[in-house]
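A quick write-up on the structure given underneath.
The values are calculated or read from the model by the stated rules, or taken from the named source; none is laboratory data. What you see is a predicted model, and the numbers here were worked out from it, not measured in a lab. With ideal geometry, Cβ positions are generated from the backbone for all residues, glycine too; neighbour counts draw on all protein chains shown.
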Amino acid sequence: MTSPTTPPAIELVGIDKRFGAVHANKSIDLSIARGTIHGIVGENGAGKSTLMSILYGFYQADAGEIRVGGAPVAITDSQAAIRAGIGMVHQHFMLVENFTVLENVMLGAEGGVLLRRGTAAARAELKRIEREYGLDIDPDAVVEELPVGLQQRVEILKALYRGAEILILDEPTGVLTPAEADHLFKILGQLRAQGKTIVLITHKLREILAVTDNVSVMRRGEMVATRKTAETSAEELAELMVGRRVLLHVEKGPAHPGPVVLSVEKLTVRDARGVTMVDGVSFDVRAGEIVGIAGVAGNGQSELLEAIAGIRRPSAGTIRVNGEALGADGRLDPARVRASGLAHVPEDRHHMGLVLSFEENENAILGYQTDPKYLKGPLLDIDAIRADARAKIERYDIRPPDCRLRTANFSGGNQQKIVLSREIERDPAVLLVGQPTRGVDIGAIEFIHKRLVALRDAGKAILLVSVELDEIRSLADRILVMFAGRIVGTPPADADEQEIGLMMAGIEAREAAE
Amino acid sequence: MDLFDTLLIPVLASTLRLSVPLIFTALAGLYAERSGVFDIGLEGKMLFGAFAAATAAAYTGSAWAGLGAAILTSVLISLLHGFASITQRGNQIISGVAINFIASGLTVLLGNAWFGQGGRTPQLPNTARFTEITLPFVDQIRPIPVIGPIYASVISGHNLLVYLALLAVPFTWWVLFRTRFGLRLRAVGENPGAVDTAGVSVAWLRYRALICGGILGGFAGTYLSIAQSAAFIREMSAGKGYIALAALVFAKWKPVNVLGACLLFGLLDAVSIQMQGKRLPVIGEVPVQFIQALPYVLTVILLAGFIGKAIPPKAGGVPYVKER
Amino acid sequence: MSAPFGQLPRWVDYGLLPFINLVVAFLVSGLVVLFIGASPLEAINYMVTGALGSGEGLGFTLYYATSFIFTGLSVAVAFHCGLFNIGGEGQVYVGGLGVALVALALDRIMPWYVTAPLAAAAGFAFGAAWALVPAWLQAKRGSHIVITTIMFNFIAASLMVYLLVNVMKQPGSMSPQTRLFESGALLPRLGFLFSPLGLDLGTAPLNVSFFLALASGFLVWVLVWRTRFGYEIRTIGANPTAAAYAGIRYGRTVVITMLISGGLAGLMALNVLLGDHGKLQIEFPSGAGFVGIAVALMGRSHPVGIVLAAILFGILYQGGAELAFWVPNITREMIVLIQGLVILFAGALEYMFRPALVRLFAPRGAAVLRPA
Amino acid sequence: QDIKPALVYGTGGKFDKSFNEAGYNGAEKYKTDTGIAYRDFEPQNDTQGEQAIRKFASEGFNPVVALSFAWTDAVAKVSKEFPETKFVLVDSVVDAPNVRSVVFKEDEGSYLVGLLAGLKSETKKVGFVGGMDIPLIRKFGCGYVQGAKAGGATQFFQNMTGTTGAAWNDPVRGGELAKSQIDQGADVIYAAAGATGLGVLQTAVDNGKLGIGVDSNQNYLHPGKILTSMVKKVDVAVYNAYADAKAGQFTAGVQALGLKEGGVDWALDDNNGPLVTPEMKAAVEKAKADIIAGTVTVHDYMSDETCPVE
Ligand SMILES: Nc1ncnc2c1ncn2[C@@H]1O[C@H](COP(=O)(O)OP(=O)(O)OP(=O)(O)O)[C@@H](O)[C@H]1O
Ligand SMILES: Nc1ncnc2c1ncn2[C@@H]1O[C@H](COP(=O)(O)OP(=O)(O)OP(=O)(O)O)[C@@H](O)[C@H]1O
Ligand SMILES: [Mg+2]
Ligand SMILES: [Mg+2]
């Protein structure tokens, strides 16, 4: 803790921001002491990203003042923020996907009209930073081919490369394994030790309690409280966030597994470039159980789900639902897979699960547009569709409760609920779920978890893919760990974190290789 | 050997001449679209350029003044496109269509007001044009078999702009991949957010990209009116802007491919010109219209057969809006 | 194309704003008119009265609008599927061939109400056929539809000139055109509808295909927003990945959509050939395919918007002709320029004055989206 | 009696450097000579053409001259609606009591310039660049090659510019076609392609070859480098239409204007004088006389839509 005499690294005074009708930040005051890690928590849409984006000059505040090191600074654009020594790792990465790591790091700080000299310097500097913080990465790798974890690393490198004194991380651990997260926190610790100031936005109270010095809570655009981390508790923070008590652990009884419903045999999937993403994977899922697939993002889980869902053509292997082989006739498409009683909550709701420009009720039938109950002959039965959508909004407490609203205008958590309601309410025999709570706040997480458990208890088979180890451990009845496209371990549901974490990092696999 | 001289050489030379306006224009489109701004106003840019070049040359008697005026005008048009599609976040395609309409109307209107020849500009003397230049050592090299004639009759003997067009390609490549501007340009077409958060102004960057396109558009127009011809004639761009657009997609927005694509289009055109009125073996006399359609048919076939999917710059066509 | 920044009352967004844009467009045009030494007021007067002032003027205006509705709808349908069909011009041209063939076959033996539906069907079929290859290549080979449709415009021109000069032309006639169609292939004009209203359409070629155009507009609306297939079209257009997830078959949808798009373009030939020219001759589409792009985009790809935009362009065409007719030193290029300025201000710069209007009209304290 | 002259151009437009422009010149000349103003209109599409012709008639304009075959049917229709109005149709024929159809024997004029081309050519290879492959242009080409053959030319190149309206406004492509003919040995090139022809002539000149102009006398464009021009006196047709009407001597029916009637001719002036040797001049004039006398007949493409020479 720094002595009160030195001015705070950052002071926000009366920051106010509207997006059209949305009042995202309501005259926020916040003071962050130099050389500390300051956590910010809050529900989806509470205004965390907005506030930080204002600090970083990405948005302009409608009112309010920003002081850096005690002196007021006009942060008119990101350039100004960078000059003021502020760096930010965005929730939605700001990377050029078809650029190399080096190009991304250099962008905006090329050091000269021509690239050549700058490039050499950048390489050297990158090496130095790598060595200093153990952030090793291949500078010539193309970003879109890197796993998310590494992509985030690039974002951090970008900030450090620009010599940031104040580093903002917006939900950085959402995409990391526990091991990776711990590594990240170690690095943050080092940075703090060097007198750098860090702002950490996250939904995971465990992390807040573990690494931050102070924590502020936002709710519906307002800053409702700031606490010394040492003097608060997860329960208190949760209540401050949501405005009511919430259960932080999932209540679920023992599973009563029935017959095998989904069985996957020697499934192999190659991606567009011909790289093998899923490599001869076999497993079963029984009725009334949740099978969790743990693993670092980018180890084939996505491809596995998409293959089972019929979106990717597997290059080998068979998938059976209730003994029926899918696509036996060689034509495996999502429509047929759905017809066979399988529902799919995709990992990426923005790119796959929803059409953001559609009205909510239109998204509520995505994938089921051929269901006669939504049709009058070739025509859509608009009334039926909207009634159905309203019912789901009601049952899943989706807010705002307006089925005509553009989907893009719902916050992350609510968008996720739209997808879940659509898939779960089909009452499918098998439910594939990818990252059900990524970027979703604890209020919503609690709700979603309850739903999944309820579905299990209703005797459905659920295949859950998540990079949130907590989630896997608290929901799954059986755990499979995936690494490099193969299933490298089946730890018991109560296995401890380290053990699973090691498998996820492929340690076992390596040992086997040696 | 005889065929070589009477057929191949002329066709190659003609190929080069025909591709030049396409090369300039396609590169112009490349700068714009790589920065995330679609530009189907290329046709109009070329037309305005051609008109400005011919007009200035007519008044000043200097080809260089013509070139300057063409570049200036074409850049102004680009800025208009920028104002509409970057500053005002208007629809980039509508803006392009509008520019094409305005070009075909305004050029004739002004031309008529100034010269009273229905939009045509006065016939230019050669001193006010870019005329053919002969490269050094032509006579020494010509006797050498194969390379000789190629150097003498294909490579040499074009006007300056032809060579500038060929230089514009490596130059564009260099700008795109070796300079800071190029790095940012490519980035802003893929993910403007990344550029913005890196502290670079998206709008200004895109404006600069459009200006580059404008300059090249000026060259294209100049080539049409005061190098290939000696006056501006209404609608003289005759759809080349659209062909250039096709070439750009064909080339997958890559500078070197652009050269290839434009030369290919030029070749197909040159061949069809040569084939007109010739009796073909087996088939005999082919109706001229079929010959005239040949380049387009072949383009489609090549496209379907050999060129895979062309993935445009990710952020292309969408105005950069931070706050919905 | 969602409007940036705050909400506005609908009548401002869809009424006042476009109106202001048009006014500005005409103001700028007025400057050009001044430049060439004519009176802007006189010009606007000729334009408006010429297009709307008389029954005949109105008839011509709606006749042109009919054509633009067809081509506008054609572009819009493809647009909803994320496809940019620049091939309208060629699809109209070839559609004309279908219409003409039916007309030539039946005009002497059948009444118009037998010929017309068959001709329409043929026009649709031929137009669709001309869109098939580009569509198929896009769907299966991923060849960029913009290039292929551009190429097919040129190919269509060659094909039609060949046919009209070497195959379908009457011997001895100078002009490359078919023989004149006879009464059995000529569409009834709509004078009889307007005379009760005291409007005399005179010789205006406004004909029954106007209603076909409106009907097509309605059907397109139903197709896109009310049918399952339309839902699939819009899904592919808005988010292909989500479409794949939803089990929507890309290739199939793209091909069918383009067939509909090409067919709509082909229908335009009915209006021009059987409604007015009474023959098929070279160059008859005269740019309507390209105008369709502007019409579709300015109409925000919605049938209602398209009909309005089409009428606007009808006014520009007919009013422009009148203007050029009465004011000697206003040439047709002037009209083209005015069209360009209208497209620019009412289309590309449609939002220029919006922020100002928002400041004027923005509803205070609109419901804030509440997070979960 | 009083007349209110009107003029409707083809869709090519008033200043197409071709016969629309010639028509315009005729009207202008009549205006300057008599001080009688006229009104004209450039249709953008075929619908507007008929619309304009009718409008002129209904506004009491008389006579109404319609340039281009494209207005054949329009004139046929409107002339029935306005029997009192006199119409003049150029380049095509309508048989009606109040219509004068003026057609030109382009084949005869083209024969003469072709003959000259054949005589002048050193390679004995001559070229022809047309705008679009339509009957009218074939008529030009056919007469030209017949003459060139008579002049001793052994090889003829005939190219067409395009299949869209752009074909008449594409000097660059016209130039390219000319260049390819030159590469194949042609040293005299005749352009019948509207404004595209300007590019043809330019390229011929740029390559030290000779060009032949069309419709109006284009010799002045490149003095000393244009062999001659095949003048088609549309201007005269327009002028006479007005003058006859004024003098009350308007006659309906077909006027086929050839060499005899002075409707077509070859242009010889100071600009191309040096290029034409006395022998050539004599030969051309003789051919002209023979054609007028009927001892030499030029095959008219339109008579059977074939051409004896290829
Ligand atoms: N660019 C934008 N335009 C309009 N509204 C926005 C924009 N960005 C955010 N909002 C709205 O502002 C509110 C706050 O959004 P913000 O992203 O700051 O919340 P958050 O706390 O980061 O939520 P999450 O935990 O899901 O990231 C939300 O209602 C969101 O819908
Ligand atoms: N979003 C997309 N963008 C571009 N091309 C795509 C897209 N989705 C699929 N394709 C291409 O379209 C082709 C056909 O896709 P798909 O198999 O889904 O069509 P289909 O409707 O199943 O065809 P059919 O109905 O004829 O069997 C595939 O080869 C694929 O490359
Ligand atoms: Mg958010
Ligand atoms: Mg956020």
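Remarks
Here's the yes/no breakdown for (1) assigned to a helix (DSSP H, G or I); (2) acidic (Asp, Glu); (3) within 28 Å of residue C:112 (Cα to Cα):
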{"residue": "C:269", "(1), (2), (3)": "yes, no, yes"}
{"residue": "C:274", "(1), (2), (3)": "yes, no, yes"}
{"residue": "C:296", "(1), (2), (3)": "yes, no, no"}
{"residue": "C:301", "(1), (2), (3)": "no, no, no"}
{"residue": "C:312", "(1), (2), (3)": "yes, no, no"}
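- Out of D:127, D:114, one residue alone is surrounded by 24 or more Cβ atoms within 10 Å (Cβ to Cβ), more than 14 Å from chain B (Cβ to nearest Cβ) and either under 20 Å from the mean Cα position of the chain (by Cα) or free of Cβ contacts under 8 Å to residues at least 12 places away in the same chain (or both). It is D:114.
- Options A:424, A:442, A:448; residue that is touching a His at 6+ places or on another chain (Cβ under 7 Å) and among the hydrophobic types (A, V, I, L, M, F, W, C): A:442
- The set of residues in the stretch B:13-44 that are under 19 Å from residue B:172 (Cα atoms) and among the charged types (D, E, K, R) comprises B:33, B:34, B:39.
- When the test is whether a residue is within 26 Å of the chain's Cα centre (by Cα) and facing chain C (nearest Cβ under 10 Å), residue A:367 passes it.
- Complete set of residues in the stretch D:138-161 that are out of contact with any Asp or Glu (no Cβ under 9 Å at 6 or more places or on another chain), touching a residue at least 40 places away in the same chain (Cβ under 8 Å) and within 13 Å of another protein chain (Cβ to nearest Cβ): D:141
- Single residue of the stretch A:43-67 satisfying the filter (among the charged types (D, E, K, R) and either within 24 Å of the chain's Cα centre (by Cα) or crowded, with 24+ Cβ neighbours inside 10 Å (or both)) that is farthest from ligand 1 (Cβ to nearest atom): A:43
- Residue A:390 meets all of the listed conditions (1) in contact with a Cys (Cβ under 8 Å, 6 or more places away or on another chain); (2) closer than 18 Å to residue C:222 by Cα but one, namely (2).
- Annotation note: of A:444, A:408, A:364, the sole residue that is touching a helix residue (DSSP H, G or I) at 6+ places or on another chain (Cβ under 9 Å), free of Cβ contacts under 8 Å to residues at least 60 places away in the same chain and within 16 Å of ligand 3 (Cβ to nearest atom) is A:408.
- The requirement of being more than 16 Å from ligand 2 (Cβ to nearest atom) and under 28 Å from residue A:262 (Cα atoms) is fulfilled somewhere in the stretch A:396-405, by at least one residue.
- Residues that are over 28 Å from residue A:54 (Cβ atoms), within 12 Å of chain B (Cβ to nearest Cβ) and outside any loop (DSSP other than H, G, I, E, B) do not occur anywhere in the stretch A:147-166.
- Residue in the stretch A:385-397 that is within 16 Å of ligand 1 (Cβ to nearest atom), within 17 Å of residue A:345 (Cα to Cα) and either within 12 Å of chain C (Cβ to nearest Cβ) or of a type outside the set (A, V, I, L, M, F, W, C) (or both) present: no
- Strands (runs of 3 or more DSSP E) enclosed by the stretch A:451-504 - at least 2 residues per element that are crowded, with 21+ Cβ neighbours inside 10 Å and of a type in the set (Lys, Arg): none
- Only one of B:213, B:111, B:217, B:221 that is within 14 Å of another protein chain (Cβ to nearest Cβ), over 30 Å from residue A:75 (Cβ atoms), buried (at least 23 other Cβ atoms within 10 Å of the Cβ) and modelled with pLDDT of 95 or more: B:221
- Residue check, residue B:204 within 18 Å of the chain's Cα centre (by Cα), surrounded by fewer than 24 Cβ atoms within 10 Å (Cβ to Cβ) and within 14 Å of chain A (Cβ to nearest Cβ): no
- Taking the conditions (1) in a loop (DSSP other than H, G, I, E, B); (2) touching a residue at least 60 places away in the same chain (Cβ under 8 Å) in turn, residue D:239 satisfies each one other than (1).
- So residue A:141, is it free of Cβ contacts under 8 Å to residues at least 12 places away in the same chain, more than 16 Å from ligand 3 (Cβ to nearest atom) and aliphatic (A, V, I, L, M): no
- Residues in the stretch C:308-345 that are within 13 Å of chain B (Cβ to nearest Cβ), in contact (Cβ under 8 Å) with a residue 12 or more places away in the chain and among the small types (Gly, Ala, Ser): C:309, C:320.
- Condition met for residue A:96 (surrounded by 24 or more Cβ atoms within 10 Å (Cβ to Cβ), under 25 Å from residue B:188 (Cα atoms) and either away from ligand 4 (no atom under 16 Å from the Cβ) or β-branched (Val, Ile, Thr) (or both)): yes
- Residue, nearest to the other protein chains (Cβ to nearest Cβ), within the stretch A:208-248, restricted to residues that are more than 16 Å from ligand 1 (Cβ to nearest atom) and in a loop (DSSP other than H, G, I, E, B): A:244
- Meeting the requirement of 3 or more residues that are closer than 20 Å to residue C:267 by Cα, the helices (runs of 4 or more DSSP H) wholly within the stretch C:135-226 are C:145-162, C:209-226.
- With respect to the stated conditions, residue B:172 fails to be among the hydroxyl-bearing types (Ser, Thr, Tyr) and within 11 Å of another protein chain (Cβ to nearest Cβ).
- Top-ranked residue of the stretch C:137-158 - restricted to ones that are more than 15 Å from residue B:297 (Cα to Cα) and touching a helix residue (DSSP H, G or I) at 6+ places or on another chain (Cβ under 9 Å), ranked as farthest from the other protein chains (Cβ to nearest Cβ): C:139
- Subset of the stretch A:177-207 (residues that are closer than 19 Å to residue A:55 by Cβ, part of a helix (DSSP H, G or I), touching a Ser or Thr at 6+ places or on another chain (Cβ under 8 Å) and not charged (D, E, K, R)): none
- From the list A:28, A:10, the lone residue that is over 24 Å from the mean Cα position of the chain (by Cα), within 16 Å of ligand 1 (Cβ to nearest atom) and surrounded by 19 or more Cβ atoms within 10 Å (Cβ to Cβ) is A:28.
- Considering A:146, A:191, the condition of being touching a strand residue (DSSP E or B) at 6+ places or on another chain (Cβ under 7 Å) and either in contact (Cβ under 8 Å) with a residue 12 or more places away in the chain or more than 16 Å from ligand 3 (Cβ to nearest atom) (or both) is satisfied by A:191 alone.
- Filter pass, residue C:133 being within 14 Å of chain B (Cβ to nearest Cβ) and under 20 Å from the mean Cα position of the chain (by Cα): no
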